[in-house]
Amino acid sequence: MNGITFAEPLFLYLLIAIPAMVAFYILKQQKVTASLRMPGLQSFAEAGITFQHYLRHILFGFRIIALTLLIVVLARPQTTNRFQDVSTEGIDIVLTQDISGSMLARDFRPDRLEAAKNIATEFISGRPYDRIGLVVFSGESFTQCPLTTDHAVLINLLREIQSGMIEDGTAIGMGLATAINRIKDSEAKSKVIILLTDGVNNRGEIAPATAAGIAKTYGIRVYTIGVGTEGMASYPVQTPYGIQYQDMPVEIDETILQEIAKTTGGKYFRATSNDKLIQIYKEIDKLEKSKIDVRQFSRKDERYLFPALIAFCLLVLEILARNTIFRNLT
């Protein structure tokens, strides 16, 4: 609901007369004198001014307020309610996130996994009309959140994922297969998987190329993202003294990620920093735009009844008071 508007705003110019009426009333009261011929004034010597003399001005106040409200009524105050009818040719998207131990590498801020979670959250927030799901994988894979339009729940579940939830490793094929299973029966115009990993497939019963062929069969487009700097990165390593970080070479199977993207009609991206990952998600967002038709309706509601009732009550009070309490003073 929007604010108050007026259907006949020109009537509001009549409000200019209100200050003039008040000024005229004040001047009139200053000039009013009464004359009474009496043989003497002793009988009035002890007569004081009662509260009625002061309260008589309230009658004029009632009239001014009532007149102001009547002018507002003539201007026809209204409120506008607007409604939107949104029809969308939605896109179903499954985010497939690597949560292996190597995702804790510190070449991203604060590490690869947290950076991926934060940037994916922004991506989800920017697509309010799409159904989005979440699959995580490491040595095996599972669905963290099925396809949903309840993005608040999805974002909470995304924030909860962490490395170590499942057995370590990098089962790219299994992660992709789980995502395919979640989206294959979708009736959406476009079915998309965004697969993010930082390693080489070394676990799982399904080869990445096989999973890519299945995705192609179901008309699913896969965008693959390889995460990691060029050269060396600081990786967490378990030692007898706890987890310590050591510089190790970055190994990403870009060949298989490129093959997955090419087979399914998607695209491969390499993210070497937080900013680069942000740009990748923005590019995917542009490539996969939902078609949204928005029709807007509005309804105006008249709001003159309340001020009209108040004005009527004030006028009645003035008439009653003038003919009862203040009858001898007006």
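The values are calculated or read from the model by the stated rules, or taken from the named source; none is laboratory data. Model, not experiment: these values are computed from the prediction. Positions of Cβ are generated from backbone atoms using ideal geometry, with glycine treated the same way; all protein chains shown enter the neighbour counts.
Of the strands (runs of 3 or more DSSP E) lying entirely inside the stretch 69-160, the ones with 3 or more residues being without any contact (Cβ under 8 Å) to a residue 60 or more places away in the chain and either in the same structural domain as LEU305 (by TED's automatic domain parsing) or surrounded by fewer than 19 Cβ atoms within 10 Å (Cβ to Cβ) (or both) are found at 141-148. Restricting attention to the stretch 193-213, the residues that are surrounded by fewer than 24 Cβ atoms within 10 Å (Cβ to Cβ), under 37 Å from the mean Cα position of the chain (by Cα) and among the aliphatic types (A, V, I, L, M) total 0.
Is there a residue being under 19 Å from VAL227 (Cα atoms) and touching a Gly at 6+ places or on another chain (Cβ under 6 Å) anywhere in the stretch 175-192? No, there is no match, as no residue in the stretch 175-192 is under 19 Å from VAL227 (Cα atoms) and touching a Gly at 6+ places or on another chain (Cβ under 6 Å). In the set ILE225, ILE252, only one residue is in contact with a strand residue (DSSP E or B) (Cβ under 8 Å, 6 or more places away or on another chain), under 18 Å from ILE93 (Cβ atoms) and among the aliphatic types (A, V, I, L, M); that residue is ILE225. Residues that are at pLDDT 95 or above and aliphatic (A, V, I, L, M) were ranked within the stretch 214-245; the one that is surrounded by the fewest Cβ atoms within 10 Å (Cβ to Cβ) is ILE214. Mind listing whichever residues of the stretch 178-194 are more than 12 Å from ARG131 (Cβ to Cβ), in contact (Cβ under 8 Å) with a residue 40 or more places away in the chain and not polar (S, T, N, Q)? Across the stretch 178-194, the qualifying residues are ALA179, ILE180, ILE193, ILE194.
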